[in-house]
Amino acid sequence: MSKTYFTSEHEWIKVEGDVGTVGITDHAQGALGDVVFVELPAVGRSVSKGGDAAVVESVKAASDVYSPVSGEVVGANDAIVDQPALVNESPEDGAWFFKVKLSNASELDGLMDRAAYDAFVAGQS
Amino acid sequence: MRYLPLTAADRRSMLDAIGVKSVDDLYRDVPQAARRDKLIDLPLSASEMEVERRIAKLAAKNLTAATAPMFCGAGVYRHHVPAAVDAMIQRGEFLTSYTPYQPEVAQGTLQYLFEFQTQVALITGMEVANASLYDAATGTSEAIAMAARVTRRTKALISGGVHPHYSQTSEDSLRYTGLEIETLAPDPLGTEDLLGRLSSDLACVVVQNPSFFGRLNDLKLLADSCHEMGILLVVVVAEPVSLGLVASPGEMGADIVVVEGQSLGIGMNFGGPGLGLFATRDKFLRQMPGRLAGQTVDQDGKRGWVLTLSTREQHIRREKATSNICTNSGLCALAFSIHMTMLGETGFTALAELNHARAVDLAQKVGAIKGLKVLNDAFFNEFAVTVPGSAAELVEKLAAKGILGGVPASRLYPTWPELDNVLLLAATETNCDEDVDALVSALKELV
Amino acid sequence: MSGTISGNKGPLIEEPLIFEQATPGRCGVDWEMPDAYEDRLGGLRKKGKIGLPDIAEPTVIRHYTRLSQKNVGIDTVFYPLGSCTMKYNPRLNEKTARLPGLSQAHPFQPVSTVQGALELMDQCAHWLKTLTGMPAVAMSPAAGAHGEFCGLMAIRAALEARGETRLKILVPESAHGTNPASAAICGFEVESIPANDRGRVDLAALKAKLGPDVAAVMVTNPNTCGLFEDEVLEIASAVHDAGAYFYCDGANFNAIVGRVRIADLGVDAMHINLHKTFSTPHGGGGPGAGPTVLSAALAAYAPVPYVVHDDKGFRLVEHVHESEGKPCGRIKGFHGQFGVMVRALSYMMALGADGLKQCAEDAVLNANYLLAQLKDELTPSFEGPCMHEALFDDRFLKDTGVTTLDFAKALIDEGFHPMTMYFPLVVHGALLMEPTETESKATLDKFVASVKGLARQAKQANSADAFKSAPIHAPRRRLDETAAARTPVLRWKDQAAE
């Protein structure tokens, strides 16, 4: 049973047990334009909630990807390093960035669900 | 006023179209306290003839290599620049164009930058080069910052053979970046022990080849030792012509190479503008500062070039940029590239051979003068000589005789009394036999 | 019948790379080689080839001439890039810079032999100080960004001398990217100040952020929206009252040179782009120069080297310990961009106090003329008058399917270099136009006609496709920047050797 949460920095995290899979939203990839490069955190590295975890670059912008939760990186998606275009094609599915083992599940409480995130995006434009 | 096309009638009609009485109305946001009714106290406009006269008067007050035999080096070298270079860089489409942000109408700039990047990679023996930085001094600073980013370490070691302007600029410019930079004592005899000072908390070691004192070194062992400890080797080259004859830094194992490009295409110009060449390995590409021209195709499938990987740069990353650099040294890069193109493999290697031959001849003659001793075993086109007494005083006396006889080390190292008697002499293809004879006789007389 | 056999289009030649036209053994120079000699290379003679192409001189000339024909420049088209000041680059400056007495001077000759060069640097400094009313100027920065860095280094040194640790710099959100980048390299933390709805720095917001941790505020004036910061004196006051310094980005100095002195605005440090206001050539991206004027409070911290003029003549202070001040160190090799200074001084002498004031006024007049002529068809972001540049945004293109980028590419086909696009970031789809004073009214009228015509076309139904296929008349159509970034090819490689 998995649940997906969203952040105000346009990341999503799909949590299953104590592991969350993190990526950027469709809105984010649209705003970036064609993604040309991705830098992922090393497996084993610790991340903290709201801290820098990865970098995603397009032709016109470079954005930090923040970790929605604190924990240890347990997986990184090399597929998007080899083919950055995947981030534009399937941002909320196959083009996940990294997996993190949560150290504090209560951090999820402050995150948005899909409906709240969609409303947030609508409110921004 | 010859540069201002608007006539009084134009101004009148434009003010009417805008709907104001005078241009003062357009400055209404300037606070009263800052408004002026008088002209600023400076000379009024002058004709072209008059300006030329005034500047020529200043030029006439200098004794230069245009008329005097000159053997000064120490990071700036006199070489013959073919007339074709100046003719081409003065074409308005090169001279008066901007950074190629609209690539469809800047393919001239982008193609020459691509060619330039290739030439720099080839002569340094490295995999990739950028479209230039301001000079080698700031380039060295950028190289150290880059090494820190790549290795995630905060210490750097600079050899005492590196040009003091490069080490000082690096230390001073990076003072607030959390990096600890140590520069070793000046090393005229090549006796410093870099290998013994390596430690695995170093991001990089910076060496210069030929060194500031003209010494040539094989860097392979140093490179290997650095790599065993995860340290990057930064090699700086003050005289790019040396790369036509001496094994390249890339061949010797350098990770980052910085070159002062002034020697080719640009001229001395009292030390500026310069040209920073910067090259590295493909794996460090994204940490490299500066602009990059990259190949691509257009909508019709035709090959063309664009500025690329710009997301590392200040206009996008802002405070997280790899550097704050905005301008490169565009026209200087073009001049360098045209000069290199004129030289080619044949001309560049021949030029280097000529320089070395001239310096070997000079060293032999100078070394034969009683009281003078050449310190270098190996050198390219510049070497260090000890003289009796003060080298600076000797240089003044030579100048009084109309000879620009080298650079005293004390000019750049005023607080090292052990260097007071060290004189740096450079000889290039521009020094003819008469120049050498004049210097040698003057030295014999004065020493 | 649109293609040709050669692929060329009349004089517009498809020119290969130099590496693709090598004639091994035939290069563009001849040397008189020395007799045989024993080398002293310590066994480090290069083995193997470098891989450079040999090309004869006539081919080299043809190559670069053809490349130049693929560029536009100020010499060929109207080039209204905002905040770049693309004014005419006088040819006299190229002549004076090449006088052998200047170009052949070596930086380390005895100072007694280069009194003319030092005097020239001193005169250039004098003009800059007098035009700005500031008591000191650091002449060594190599570019505007380098000047920002220099000013911030001086500020940091001054604060340390006062025994204070202030690590925050406030920067308007409309600032050029070099501002926060330069601040970061000086070890400062950058905080943004919002703009008010008049496009100026929000004074109340600025005051709220001032505190004992703020080292300086970096303000561009006139700002990047082309507007004069009318509350500049209040900004300066507030900043100084808080014990901080006022840095001014001088990129837009062309609007006020000769009319307003920076010192009268309460500025502590300002870099001047010689390659903008003072006509030195942009050269396809450089070299520039960014001398930085400094207030009395900061003068002592200017970097070395600098020229001193006393009754013995001119000399250089090249080392920190020789200085009577407390220089923040050295930020550049040798003595600065001397070749650029010669050009700038020639320009300043040619224009004089009266000419420079006229430059500023004509620059402001030209920009306001464009604003007045275009304000109905386009959407100005703020109410006029503007200074030397006019800012529009993409509201006039709403629902047309045409973006600012498409509009700019269409302007290329009209024979103009586009204005600056997407900067400043404070408005959507920005179009920033700076005509400069060296444009005639006739040129401006032609530009206005094209811009108005394109705007009308864009607003017609089904026009987006035509805009998206522009430019069609340039040497290249739109280039694939995504491919260039995803698979970087940054040099030619010998395929045969691979």
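The values are calculated or read from the model by the stated rules, or taken from the named source; none is laboratory data. None of these values were measured; they are calculated from a predicted model. Don't worry about glycine lacking a Cβ; one is built from the backbone with ideal geometry, like all the others, and counts go over all protein chains shown.
Do you know which of the residues in region B:152-174 that are assigned to a loop (DSSP other than H, G, I, E, B) and more than 9 Å from chain C (Cβ to nearest Cβ) is surrounded by the fewest Cβ atoms within 10 Å (Cβ to Cβ)?
Selected residue: B:R152.
Consider only pairs whose beta carbons are under 9 Å apart and that are at least six residues apart or on different chains; among these, list those whose first residue lies in region C:296-320 and is over 15 Å from C:V114 (Cα atoms) and outside the structural domain of C:L152 (by TED's automatic domain parsing) and whose second residue is modelled with pLDDT under 95 and buried (at least 19 other Cβ atoms within 10 Å of the Cβ).
Hits for this filter: zero, empty list.
Would you mind listing the helices (runs of 4 or more DSSP H) fully within region C:385-498 where at least 2 residues are touching a residue at least 60 places away in the same chain (Cβ under 8 Å) and within 25 Å of B:I18 (Cβ to Cβ)?
Of the helices (runs of 4 or more DSSP H) lying wholly inside region C:385-498, those with at least 2 residues that are touching a residue at least 60 places away in the same chain (Cβ under 8 Å) and within 25 Å of B:I18 (Cβ to Cβ) span C:441-459.
Do the conditions hold for B:A359, that is, is it among the small types (G, A, S) and surrounded by fewer than 19 Cβ atoms within 10 Å (Cβ to Cβ)?
Answer is no for this residue.
Quick check, is C:P16 exposed (fewer than 13 other Cβ atoms within 10 Å of the Cβ), of a type outside the set (K, R) and either without any contact (Cβ under 8 Å) to a residue 60 or more places away in the chain or not in a loop (DSSP other than H, G, I, E, B) (or both)?
Answer is yes for this residue.
Identify, please: which residue in region C:461-474 is closer than 30 Å to B:G301 by Cβ and surrounded by fewer than 18 Cβ atoms within 10 Å (Cβ to Cβ) and is, among those, farthest from the other protein chains (Cβ to nearest Cβ)?
My answer is C:N462.
Given the conditions (1) in contact with a His (Cβ under 8 Å, 6 or more places away or on another chain); (2) small (G, A, S); (3) more than 30 Å from C:I18 (Cα to Cα), report the number of the one that B:S97 does not fulfil.
With (1) in contact with a His (Cβ under 8 Å, 6 or more places away or on another chain); (2) small (G, A, S); (3) more than 30 Å from C:I18 (Cα to Cα) applied to B:S97, the lone miss is (3).
Using the structure shown, decide if B:A392 is among the aliphatic types (A, V, I, L, M) and within 12 Å of chain C (Cβ to nearest Cβ).
yes
How many residues are modelled with pLDDT under 95 and either touching a His at 6+ places or on another chain (Cβ under 7 Å) or aromatic (F, W, Y) (or both) if we restrict to region B:114-151?
Number satisfying all stated conditions: 1.
How many residues are out of contact with any strand residue (DSSP E or B) (no Cβ under 7 Å at 6 or more places or on another chain) and part of a loop (DSSP other than H, G, I, E, B) if we restrict to region A:78-125?
6
Filtering region C:97-113 down to residues that are within 7 Å of chain B (Cβ to nearest Cβ) and part of a helix (DSSP H, G or I), which residue is farthest from B:P273 (Cα to Cα)?
Narrowing region C:97-113 to residues within 7 Å of chain B (Cβ to nearest Cβ): C:99-110, C:112-113.
After this cut, where a residue has to be part of a helix (DSSP H, G or I) as well, the list is C:100-103, C:112-113.
On the way: C:P100: 16, C:G101: 16, C:L102: 13, C:S103: 11, C:S112: 22, C:T113: 20 Å.
Within region C:97-113, the match that is farthest from B:P273 (Cα to Cα) is C:S112.
Picking from B:V51, B:V20, which residue would you name as being surrounded by 12 or more Cβ atoms within 10 Å (Cβ to Cβ), within 27 Å of C:L444 (Cα to Cα) and touching a Leu at 6+ places or on another chain (Cβ under 9 Å)?
Residue meeting the stated conditions: B:V20.
Please go through region B:332-349 and give me each residue that is touching a helix residue (DSSP H, G or I) at 6+ places or on another chain (Cβ under 8 Å) and surrounded by fewer than 24 Cβ atoms within 10 Å (Cβ to Cβ), ordered by number.
B:T349
Just the residues that are facing chain B (nearest Cβ under 7 Å) and over 15 Å from B:R2 (Cα atoms), please, taken from region C:354-372.
Within region C:354-372, C:E361, C:V364, C:L365, C:N368, C:Y369, C:A372 meet the criteria.
Confirm whether A:V56 is crowded, with 22+ Cβ neighbours inside 10 Å and either among the hydrophobic types (A, V, I, L, M, F, W, C) or within 15 Å of A:E9 (Cα to Cα) (or both).
So A:V56 passes the test.
Please find, among B:V205, B:V234, B:V241, the residue that is aliphatic (A, V, I, L, M), within 22 Å of B:E353 (Cβ to Cβ), buried (at least 24 other Cβ atoms within 10 Å of the Cβ) and within 21 Å of the chain's Cα centre (by Cα).
Result: B:V241 is the single residue among B:V205, B:V234, B:V241 that is aliphatic (A, V, I, L, M), within 22 Å of B:E353 (Cβ to Cβ), buried (at least 24 other Cβ atoms within 10 Å of the Cβ) and within 21 Å of the chain's Cα centre (by Cα).
Could you please find all residues in region C:65-96 being crowded, with 22+ Cβ neighbours inside 10 Å, more than 7 Å from chain B (Cβ to nearest Cβ) and outside any loop (DSSP other than H, G, I, E, B)?
Across region C:65-96, the qualifying residue is only C:N93.
What tally of residues in region B:410-447 results from selecting those that are within 19 Å of B:R215 (Cα to Cα) and at pLDDT below 95?
0
How do the helices (runs of 4 or more DSSP H) wholly within region C:172-277 filter down when requiring 3 or more residues that are of a type in the set (A, V, I, L, M) and modelled with pLDDT of 95 or more: which remain?
C:203-209, C:232-241
Give all pairs with beta carbons closer than 7 Å in which a residue from region B:287-311 that is modelled with pLDDT of 95 or more meets a residue that is in a loop (DSSP other than H, G, I, E, B) and of a type in the set (D, E); count only pairs at least 6 apart in sequence or on separate chains.
B:T296/C:D480; B:V297/C:D480
Keeping to region C:48-63, report how many residues are more than 7 Å from chain B (Cβ to nearest Cβ) and part of a loop (DSSP other than H, G, I, E, B).
2
Do we find that C:C328 is in contact with a helix residue (DSSP H, G or I) (Cβ under 9 Å, 6 or more places away or on another chain) and over 20 Å from B:V30 (Cα atoms) in this structure?
yes
How many residues are under 24 Å from B:C204 (Cα atoms), of a type outside the set (A, V, I, L, M, F, W, C) and outside any loop (DSSP other than H, G, I, E, B) when one looks only at region B:263-295?
6
Which of the residues spanning region C:130-158 are part of a helix (DSSP H, G or I) and within 20 Å of the chain's Cα centre (by Cα)?
C:L131, C:T132, C:G144, C:A145, C:H146, C:G147, C:E148, C:F149, C:C150, C:G151, C:L152 - these are the residues of region C:130-158 that are part of a helix (DSSP H, G or I) and within 20 Å of the chain's Cα centre (by Cα).
If you check every pair at least six apart or on different chains, which have Cβ atoms under 8 Å apart with a residue in region B:205-231 that is over 25 Å from C:R40 (Cα atoms) first and a residue that is polar (S, T, N, Q) and surrounded by fewer than 24 Cβ atoms within 10 Å (Cβ to Cβ) second?
Listed pairs, sorted by first residue: B:M229/B:S199; B:M229/B:S200; B:G230/B:T151; B:G230/B:S200; B:I231/B:T151; B:I231/B:S200.
From the list A:S58, A:S63, A:S103, A:S67, which residue is within 14 Å of A:Y5 (Cβ to Cβ) and either under 12 Å from the mean Cα position of the chain (by Cα) or among the small types (G, A, S) (or both)?
Step by step, each of A:S58, A:S63, A:S103, A:S67 is checked, and only A:S67 is within 14 Å of A:Y5 (Cβ to Cβ) and either under 12 Å from the mean Cα position of the chain (by Cα) or among the small types (G, A, S) (or both).
Has region C:192-207 got any residue that is touching a helix residue (DSSP H, G or I) at 6+ places or on another chain (Cβ under 8 Å) and in contact (Cβ under 8 Å) with a residue 60 or more places away in the chain?
No, there is no match, as no residue in region C:192-207 is touching a helix residue (DSSP H, G or I) at 6+ places or on another chain (Cβ under 8 Å) and in contact (Cβ under 8 Å) with a residue 60 or more places away in the chain.
Among the numbered criteria (1) closer than 30 Å to B:P5 by Cβ; (2) assigned by TED's automatic domain parsing to the domain that holds C:G250; (3) free of Cβ contacts under 8 Å to residues at least 60 places away in the same chain, which one does C:A97 miss?
So C:A97 meets the others, but not (3).
Only one of B:A143, B:A156, B:A137 is within 19 Å of the chain's Cα centre (by Cα), among the hydrophobic types (A, V, I, L, M, F, W, C) and under 22 Å from C:R156 (Cβ atoms); which?
B:A137
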